[in-house]
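Read the figures in this text as sums done on the coordinates, not as results from a lab. Computed from a predicted structure; not experimentally measured. Here Cβ is always computed from backbone atoms with ideal geometry, including for glycine, and neighbour counts include all displayed protein chains.
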Amino acid sequence: MQQQLASAIKEAGIEGVSLLDIGCGVGFLHQSLLNHGASKATGIDLSEKMLAEARTLAAEQSLSDRTNYVLGDFVAMAADLSSADVTILDKVVCCYPDAKTLVVRSLEKTGKVYALTYPRAHLLNRLMTSAEAICLKLVGCDFRSYVHDPESIEQWIEAMGFHKRKQHQSWIWLTQVYVR
């Protein structure tokens, strides 16, 4: 899915753009885009271990001067973050209980391209998410995944002036790229 998301973002145009990668993990996606013409990237994640690895990988690729990593919850810190030309949410919407706030606040920080991957809303995904929640609760973990309504997500995005440029779906995931 990341390859399809990266390809669709590149097709929308990345030469010289700034990136905001919410839930960036180890930074693979935005680092790849930096290596293909994007100018700078801010990666945000809840895990310091992921960000430490992202910094290491960025240094190995001589990207440290073009990357900035921020620890925390994007929604809580959105007001303090700079806007970017391209915003990426790769498998992040499913990790957030309030999808509307996450989507709207991230759209407010987006100039040109909004790219995301999230679960399709069908019975199999809902059953898998419920089973995962039960297993995680049994081991004492508070994390939970969510399957949000794609029609609502698309409406929120389009209401902010974006239109869908590309879409791909697998059995599990829906990958979309919007442009303004």
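Restricting to region 155-178, name every residue that is part of a helix (DSSP H, G or I) and out of contact with any helix residue (DSSP H, G or I) (no Cβ under 9 Å at 6 or more places or on another chain).
Of everything in region 155-178, those that are part of a helix (DSSP H, G or I) and out of contact with any helix residue (DSSP H, G or I) (no Cβ under 9 Å at 6 or more places or on another chain) turn out to be Q155, E158.
Table: residues versus (1) over 16 Å from the mean Cα position of the chain (by Cα); (2) of a type in the set (S, T, N, Q).
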site: S7; (1), (2): no, yes
site: E11; (1), (2): yes, no
site: S18; (1), (2): no, yes
site: D21; (1), (2): no, no
site: V26; (1), (2): no, no
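Taking into account only those residues within region 54-107 that are in contact with a Ser or Thr (Cβ under 9 Å, 6 or more places away or on another chain) and of a type in the set (K, R), which is nearest to C24 (Cα to Cα)?
The qualifying residue nearest to C24 (Cα to Cα) is K91.
Can you spot a residue in region 25-48 that is hydroxyl-bearing (S, T, Y) and touching a Leu at 6+ places or on another chain (Cβ under 6 Å)?
So far as region 25-48 goes, yes, one or more of its residues are hydroxyl-bearing (S, T, Y) and touching a Leu at 6+ places or on another chain (Cβ under 6 Å).
Enumerate the pairs (first residue in region 158-179 and aromatic (F, W, Y); second residue anywhere and not in a strand (DSSP E or B)) with beta-carbon separation below 7 Å, excluding pairs fewer than 6 apart on the same chain, so at least 6 apart or on different chains.
Taking only residues 6 or more apart or on different chains, the pairs are F162/R180; W173/M1; W173/R120; Y178/I157; Y178/F162.
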